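What follows is a short report on a single structure.
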Amino acid sequence: MKNIEILRNKVNKINEDIVNLLIERKTITDELIQEKIDNHLPVLDTKRENEIIEYFIEHKKELNPAFIKKIFNLIFEEAKRRYYKLEQLDSIEAYLKRKPILIAGPCVVESLEQISNIANLLSKYGIKFLRGGAFKPRTSPNSFQGLGDLGVELLYKAARANNMFTVTEVLESEQLERNYDFIDVVQIGARSMTSYGLLKSVGYLTAKTKKVVLLKRGLSATLSEFLQAAEYILQAGNPNVVLCLRGIRTFEQIDSNLRFTPDLASILELKEKTGLPVIFDPSHSGGCSDYVINISNAALQLGADGLMVETHDRPLESKVDAHQAIHPDKILDIINL
Ligand code: PEP
Ligand code: MN
């Protein structure tokens, strides 16, 4: 009996130590989170979290791997709670429910100055989603391909400095893996809609955290092909898919100024066939800055849940798609529609 007493006391002491260490850990992680926010660095780091778990599974064989995983995931979640509260980032879904969903930003991230100026102007109008390409799907390999990883980092910095979420396209799943914590909404572009390997891997990569995936309609895809492409992501375990219509290729392009034919009536059909949010891209579909507001109006009238609009602080100097860019101030015309 005496032995039990002694052992219990030892366990009690350990419990006390564990709790004190958890308190100490929380104080330090709170400080670390604040430091990252102040420096506009990504707060979430799932790669590091996984490395920590893997390290202990490898080196502490006395403990069951599932136990190690569970306990660390709980500790990590607790640490991140403060961050979610500070940034209200758990409300990305709430923002997606607020209609119309407005996503705006340049075709391509060009510099920190450019993306920060644009983010700053847009956030003044309450825009929460900042788009900007870093990995551009260009027709010619000789055209500017985007700033790559650096572009995503700059987009993230500009977004967080203005309390916004990032939206950016990936062409390969490795680009998402490397930049996972910088990307709030993963865009799969029109040219990749039929890249089924990419759809599957983006689906699996995002399934755990349910990161929002914005899927654009292929240039020549039928609506049923579009919906089946979305199904790849849904079936991988991620229900958070947003569909984006962006204009289709028709004979009209032979001699009209339209870059594509705005597939506006498809909004009606998609809204009937799926419960997923359906947004419209008035920039690529018309390819002309003068048409952006009217096409946006039409899309909203037809029931689109939102818009993704290319905006640039110096539209005519945009490195990519200058002819369709509008100034962020023009967003007011859309908000007032
Ligand atoms: C874009 O939105 O950046 C883009 C490249 O559009 P799409 O894939 O529709 O051509
Ligand atoms: Mn573009």
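Here are the numbers for this structure:
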item: Cross-link reach list, aspartates and glutamates versus K69, counting only Cα pairs under 13 Å and skipping chain neighbours closer than eight places; result: E49, E51, E54, E58, E77
item: Shape category assigned to segment 225-334 from the gyration tensor of Cα positions, a/c cut at 1.5; result: prolate
item: Carbon/sulfur fraction of accessible area - segment 92-335, other protein chains in place, 1.4 Å, %; result: 51
item: Cα-Cα over 31 Å, subset of K157/K208; K70/K211; K2/K70; result: K2/K70
item: Cα centroid separation, segment 38-68 to segment 131-145 (Å); result: 35
item: For q = 0.11 Å⁻¹, Debye-computed log10 I/I(0) when each Cα of the chain counts as one equal scatterer; result: -0.73
item: By average C-beta atoms within 10 angstrom, highest first, the peptides 46-56, 279-289, 181-191, 111-121; result: 279-289, 181-191, 111-121, 46-56
item: Convex hull of segment 292-337 built on C-alpha atoms - directionally averaged projected area, nm²; result: 3.1
item: Fraction of beta bridges assigned by DSSP in the chain that are antiparallel (%, nearest 5); result: 5
item: Additional length obtainable on full extension of the chain from Q228 to F144, 0.36 nm per residue less Cα span; result: 27.1 nm
item: Amide H contacts of L41 (H built 1.01 Å from N, under 5 Å, at least 5 apart or other chain); result: none
item: Taking the C-alpha atoms of segment 149-294, convex hull volume expressed per residue in Å³; result: 125
item: Contact order relative to length of the chain, as percent, for alpha carbon pairs under 8 angstrom and 6 or more apart; result: 14
item: The chain, dipole about Cα centre (Lys/Arg Cβ +1, Asp/Glu Cβ -1), debye to the nearest 20; result: 840
item: Alpha carbon centroid spacing (whole Å) that separates segment 236-291 from segment 87-128; result: 21
item: Globularity ratio of segment 2-86, using Cα Rg and 2.2 N^0.38 Å; result: 1.36
item: Sequence-distant lysines (8 or more away, or on other chains) whose Cα lies within less than 20 Å of K330; result: K99, K124, K128, K319
item: Inter-label distance, nm, simple model (7 Å from Cα along the C-beta direction), T194/K99; result: 3.2
item: Segment 102-154 - Rg and Dmax from Cα coordinates, angstrom; result: 11.7, 37
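The values are calculated or read from the model by the stated rules, or taken from the named source; none is laboratory data. Just so it is clear, the structure is predicted and the values come from calculations on it, not from any experiment. Glycine also receives a Cβ, built like all others from the backbone with ideal geometry; neighbour counts cover every protein chain displayed. Note: accessible area is taken over every heavy atom of the protein model, side chains too, but ligands, DNA and RNA are not part of it. Shrake-Rupley method; radii C 1.70, N 1.55, O 1.52, S 1.80 Å.
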